[in-house]
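The structure appears below as structure tokens.
The values are calculated or read from the model by the stated rules, or taken from the named source; none is laboratory data. Since we're looking at a predicted model, the values are computed, not measured. All Cβ positions, glycine included, derive from the backbone under ideal geometry; neighbour counts span all protein chains shown.
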Amino acid sequence: MADLIIIAYPDEKTAEAARVKLFEMQKEYLIELGDAVVAERTADGSVKLHQMVNTTRAGAAGGALWGTLIGLLFLNPLLGAAVGAGAGALSGYLTDIGIDDKFLKQATESLAPGQAALCVLVRKVTADKVLPQMAQFGGTVLRTNLSAEQESKLREALKHS
């Protein structure tokens, strides 16, 4: 089972730096992430999500490739690429992997303009090695599905930054 952790930071830059650190630790096999999204509260009060994977861009690239191949069969690869890219982009835009976007926006409504939150879906973690490295960023725990003991340890680690 994956654990959901949402930590608020004073700004988007700090939340992004924390996410980059998680990616580095994932390369060292200290943590396995299902999703890592930075939710930023903009000056106008809306919440902007910075996804781990841009599904629209990936869908467009894949659609263009398949469209070109199909277009070659019908002797019009450019039209096939254009139609494929459009269909792929639409498909990618409508695809939501990881943490639900609506849930993220609701969970981060309490952020003040300019603040950001790192929303992480953790599959596996070596907590005794990850927590000290993440403590350098500080932050405030907004929401988790951790046990009370695990959440308490997380809050303590973030306090001592």
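General observations
- Extreme residue, farthest from residue 32 (Cα to Cα), among residues of the range 87-126 that are in a helix (DSSP H, G or I) and modelled with pLDDT under 60: 87
- Residue match in the range 133-147 (condition: among the aliphatic types (A, V, I, L, M), touching a helix residue (DSSP H, G or I) at 6+ places or on another chain (Cβ under 8 Å), modelled with pLDDT of 85 or more and assigned to a helix (DSSP H, G or I)): yes
- Scanning the range 1-41 for residues that are at pLDDT 90 or above and assigned to a loop (DSSP other than H, G, I, E, B) returns 10, 11, 28, 29, 30.
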